[in-house]
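Heads up: the structure comes next, in structure tokens.
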Amino acid sequence: MRYRELGKTGIKVSEIGFGTIPILSGHVPVLPQYFSPDNETAVAIMRRAYELGCNFYDTAILEEYGDAEIKLGEFAKTINRNKIIISDKARFFSGGEIYREVLRSTENLVTKPDIYFVHQVDESNADEVFGKYGAVDALFDLKREGKIGYTGIASHYYDVLYRAALDPRVDVLQGSGNILERGMLERIKNEEAFRDKGFILNKVYAAGLLIDPFSVEELIGGILEYPFSCALLGIGTFEQAEVAFAKEYPPIHFTFEEVLERLRKTFEPIGCDRCERCVCPYGHEIHTSFRQFNYYNLGKEFWAVNKLKMDIEQTYEHCRKCTHQECMKECGRHLYIPEEIEKVIHLVRKYGFGSVK
């Protein structure tokens, strides 16, 4: 196992980390597979990863990751606690709420979280999170009180992560990316503000959806060129732990076109890398619509369509009438966005949502 610096914290973390969603018991809609291991099995899987060199374990509160937080705490009792880094997170944005959740997580883990993230930060809640008496203020206080080791912001949005990178109260960032959705990683690689922060990368497998068109070796090797500290993989079985941690994967470089060509063997993807530069004057997340279109075709059918139907009719109507076209001016992939939105709307209408016009 290779190890990387966690920003300026002085900590070294395993290049590959253990994402705990798959070890929970029950059903979570974001997962393509459900393992539901009992406590003893879940602890044994985490211990096997530890034996193979993994020292970074990521979880979230019960409402988000089920009993994974409790199972991780059980595992931590079985080893030298000082040998692993535990990151936890909660989707609460005010200072009082996140303070409460840290104390509750500490009880569930029966140990202090090394890193605590404000989870799912986006433009709708960022001002509250970063503002006075917001979640970042509370985490900073908790760090000074010794109740957590380091503060973190977790987001799927570049602008939020950039804001966190500039904030001296924030130690570690967590964001998403893979060989397909590489746009944010490319921007982070080229932005000096991120150099002092630890960066935890998730969605390397795109919730497992890229594993069929690509091998694990390709998916891991293909992201090693980016400046992350630790790449999280969701692990739910002993076999997955062996595949993730038993060997050091060599770096592999894929051009974006090579990735699209591989996907074209099964469907015609929308060639969006989610750089998030396609800012819409009407506020629609164009890149998210394109992502869900690709996810639908990669196998997450019902979930993707249900996400799309919430906004796509209005997006389509605005896109048809828009004369600004700022989204296309900024698109690094030179997509003709109205045409791509047509593909998305027809997919959703195929399910009987809306009517073809």
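Brief remarks on what is shown
- Residue (of VAL43, TYR205, ILE11) at the positive-pole extreme of region 3-245, dipole from beta-carbon charges: ILE11
- Under 12 Å, Cβ to Cβ, from PRO113 - net charge with Lys/Arg +1 and Asp/Glu -1: 0
- For TYR3, the amide hydrogen comes within under 5 Å of the amide hydrogens of GLU15, counting only partners 5 or more places away or on other chains and with H modelled in the peptide plane.
- LEU6, LEU166 arranged by Cβ crowding within 10 Å, fewest neighbours leading: LEU166, LEU6
- In sequence order, calculated HN-Hα J values of region 54-64 (Karplus, 6.51, -1.76, 1.60; Hz; x Gly/Pro): 6, 10, 10, 10, 10, 9, 7, 5, 4, 5, 9
- Here the Gaussian network model covers the chain, with springs between Cα atoms less than 10 Å apart; of MET184, MET310, MET46, MET310 fluctuates the most.
- Computed from backbone phi, the HN-Hα couplings of region 126-133 come to 4, 4, 5, 4, 8, x, 4, 6 Hz, rounded to whole numbers (Karplus: 6.51 cos²θ - 1.76 cosθ + 1.60, θ = phi - 60°; Gly and Pro given as x).
- Where (1) 61, 46, 38; (2) 69, 42, 41; (3) 61, 61, 32 are the candidate values, the label of the one calculated here for Cα extents along the principal axes in Å is (1).
- Straight-distance crosslink candidates among lysines, where the alpha carbon sits under 17 Å from LYS147 and sequence neighbours closer than 8 are dropped: LYS89, LYS112
- Likely footprinting exposure, GLU313, GLU51, fewest C-beta neighbours within 10 Å first: GLU51, GLU313
- With a cut-off of 15 Å between beta carbons, the residues surrounding GLU330 carry a summed charge of -2, where Lys and Arg count +1 and Asp and Glu -1.
- When the Gaussian network model of the chain links Cα atoms closer than 10 Å, the mean-square fluctuations of GLU268, GLU15, GLU217 top out at GLU268.
- For the chain, the mean residue ellipticity at 222 nm estimated from helices alone is -11000 deg cm²/dmol, where every DSSP H run of n ≥ 4 contributes -39500 (n - 2.57) and the total is divided by all residues, rounded to the nearest 500.
- The charge dipole of the chain, taken about the Cα centre with unit charges on the Cβ atoms of Lys, Arg (+1) and Asp, Glu (-1), comes to about 120 debye, rounded to the nearest 20.
- Other residues within the sphere of radius under 12 Å centred on the Cβ of GLY222, judged by their own Cβ, net out at -3 (K and R +1, D and E -1).
- Cα long-axis angle, helix 337-350 against the chain (0 to 90 degrees, to the nearest 10): 80 degrees
- Peptide ranges 77-89, 230-242, 116-128 listed from the most packed, as the mean C-beta count within 10 angstrom indicates: 230-242, 116-128, 77-89
- Built amide H within the under 5 Å cut-off of GLN174, gap 5+: ILE153, ALA154, SER155, ILE200
- Sparsely packed chymotrypsin sites (Phe, Trp or Tyr not before Pro) within region 313-355, loop by DSSP, other Cβ within 10 Å at most 15: TYR336, TYR351
- Pairs of lysine residues in region 288-350 that meet both criteria, 8 or more places apart or on different chains and Cα atoms under 20 Å apart, total 10.
- A cut-off of 5 Å between modelled amide H atoms, ignoring neighbours fewer than 5 places along the same chain, links GLY234 with GLY19.
- Sequence-ordered 3J(HN,Hα) estimates for region 153-165 from the Karplus curve with 6.51, -1.76 and 1.60 and θ = phi - 60° stand at 10, 10, 7, 9, 10, 4, 4, 5, 5, 5, 4, 5, 4 Hz, glycine and proline given as x.
A short reminder: the numbers here are calculations on the coordinates, not readings from a lab. In this text the structure is predicted, and so the values were computed from the model without any measurement. FYI the Cβ positions are ideal-geometry reconstructions off the backbone, even for glycines, and counts take in every protein chain you see.
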